[in-house]
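Undergrad: Before I ask anything, here is the structure I am working with.
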Amino acid sequence: MLGALIIVFREVIEAGLIVGIAMAVTRGIHGRGYYISGGVAVGVFGACLVGAFINTISGAFEGVGQELFNAGILCVAVIMLAWHNIWMARHGREIAVEMREAGEAVRTGASTLMGLAVVVAVAVLREGSEVALFLYGILIASAPGSAMSLLVGGIIGLALGAFVTALTYGGLVRIPSRYLFGVTSVLIALLAAGLASQAVAFLEQADVITLLPDQLWDSSGILSDTSILGRVLHTLIGYSDHPSAMEAVIYVATLAVIALLMKLFAHPAPAPSAR
Amino acid sequence: MKQHYTNSHRFRALALSLFLLCGVTTFSQPAVSQEAAIVKLTLKNHRFDPAEPHAPANKPFTIEVSNLDGTPAEFESKTLRVEKVVAANGTISLQMRALAPGRYRFFDDYHEDTTEGFLVVQ
């Protein structure tokens, strides 16, 4: 039971953190509950589909379908996160003003909700498909008695994942609102950079990216990225205990591009510039 | 007018991102597959056979994993930098780049307790 619990929990941490962040970021935006829960629902449905058709996906593109699929949906998440940050750099102030004037629920943020819903769906789909496969394996393979206890372990693992969401959300909303935007911008940029380097890892595995393949360091002895803390940092800041040089390059490049675009699109200062 | 300015900015930014993305994919070309060695592994009753396969050092090769169990597995190795689901009764193959000599640990992520194996590269 404990084994199943740990395996499932390990897989749902990433999705749990991302859902928590998405909820904190969209706090006060009208209708966010529908978007986030919609994202989770689509993700769960997608995860079951992926689980059911994993053989077809694997066989696609001369055997690298799995890698390309993972890299593809990770790229979608990266673009949506970048888009969110850029959008907030431009409209964050309007939202803050409207929030002060109109109380809690504002409508201004609706256009960024869709992007975050997609990010949530991707996170749930990716981690969820592994959970679905694992639980499916348990259900069909174990002796009748042990299947039940393994399943219970799996369900507790899922519940712990939801707890991670609650913790993340609870922690973030404690941050005073004038700092919240700054904190979440950094958080989302790091999240995006981490997901981008995960996409690189899949493309390297598929032999699509062959440039700069050398391992930069091995810190698995200090902090393994399969440990719970390692997993959390893996999601939050893209920590890897054995990154390739290319992963690092893309990580830095993603951060730089997001920072650049945020600056480019930033809301002009109150005094209109002469441009 | 302001709207127009904003959109052109956005367009430029999008173009820049796409350009960067294309740069990465065009500069990195798929490795030419030579008549490389194939390391064949089977997974049965959540055990790898052979548990200590060998592969030649310093040249690319292929790993083929066949899952003979009725449950899905995930072939994973930190040091080989691979992570791939193998469906029940399914087979996957992985194109490996040239590796330095050494022992590389691999396992099925869903049954790590019984599935440890080592790829001996020499």
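Just so it is clear, none of the values below were taken in a lab; they were calculated from the coordinates. This structure is a prediction, so every number in the text was calculated from the model and none was measured. As a convention, Cβ positions derive from the backbone with ideal geometry for all residues, glycine included, and neighbour counts pool all protein chains shown.
Undergrad: Rank the residues A:His84, B:His111, A:His242 as a footprinting-exposure proxy: fewest other Cβ atoms within 10 Å of their Cβ go first. Could you put the intermediate results ahead of the total?
TA: Working: A:His84 28, B:His111 22, A:His242 17.
In increasing order of surrounding Cβ atoms, one gets A:His242, B:His111, A:His84.
Undergrad: Would you kindly state how much longer the chain becomes between A:Leu216 and A:Phe53 on full extension, computed as 0.36 nm times their sequence separation minus their alpha carbon distance, in nm to one decimal? Provide the component values of the computation, followed by the final result.
TA: Values: separation 163, 0.36 × 163 = 58.68 nm, distance 3.51 nm.
Going from the current span to full extension adds 55.2 nm.
Undergrad: How many partner chain Cβ atoms sit within 10 Å of a residue's Cβ in peptide B:88-100, on average, as a whole number? Walk me through the intermediate numbers first.
TA: Values: counts 7, 1, 4, 4, 8, 4, 6, 7, 2, 4, 1, 0, 0.
Per residue, the number of nearby Cβ atoms from other chains is 4 on average.
Undergrad: Ok, one more. Provide B:Glu116, A:Glu11 in ascending order of the number of other Cβ atoms located within 10 Å of each residue's Cβ, fewest first.
TA: Numbers: B:Glu116 14, A:Glu11 25.
The fewest-first ordering by Cβ neighbours comes to B:Glu116, A:Glu11.
Undergrad: Need one value for A:229-240: mean number of C-beta atoms belonging to other chains within 10 Å of its residues' C-beta atoms. Could the numbers behind the result be given before it?
TA: Details: counts 0, 0, 0, 0, 0, 0, 0, 0, 0, 0, 0, 2.
Counting Cβ atoms of other protein chains within 10 Å of each residue's Cβ and averaging gives 0.
Undergrad: Quick one: compute the contact order of chain A, relative version, from alpha carbon pairs under 8 angstrom and 6+ residues apart, as a percent. Can you show the working numbers first?
TA: Details: 374 pairs, mean separation 88.1, N = 275.
32 percent.
Undergrad: I need the calculated FRET efficiency for the pair A:Ala166 and A:Val186, taking r as the beta carbon distance and R₀ as 25 Å, to the nearest 0.05. All intermediate terms of the calculation are to be shown ahead of the outcome.
TA: Numbers: r = 22 Å, r/R0 = 0.87.
Once rounded, the FRET efficiency stands at 0.70.
Undergrad: Select from A:Pro176, A:Pro213, A:Pro243 the residue whose mean-square fluctuation is largest in a Gaussian network model of chain A (Cα-Cα springs shorter than 10 Å).
TA: In this elastic network of chain A, the residue with the biggest mean-square fluctuation among A:Pro176, A:Pro213, A:Pro243 is A:Pro176.
Undergrad: On to the next question. Tell me the mean residue ellipticity at 222 nm calculated for chain A from its helices only (DSSP H runs of n ≥ 4, each -39500 (n - 2.57), averaged over every residue, nearest 500).
TA: Numbers: 9 runs with 215 residues, N = 275.
My calculation for chain A gives -27500 deg cm²/dmol from helical runs alone.
Undergrad: What are the ³J(HN,Hα) couplings of the range A:12-20, residue after residue, when phi is run through the Karplus curve with 6.51, -1.76, 1.60 and θ = phi - 60°? Round to Hz, x for glycine and proline.
TA: My calculation for the range A:12-20 gives 8, 4, 4, 4, x, 4, 5, 5, x Hz in order.
Undergrad: Let me ask something else. Run the simple label-point estimate for A:Leu264 and A:Tyr136 please: 7 Å along Cα→C-beta, distance reported in nm.
TA: Here the modelled spin labels are 4.2 nm apart.
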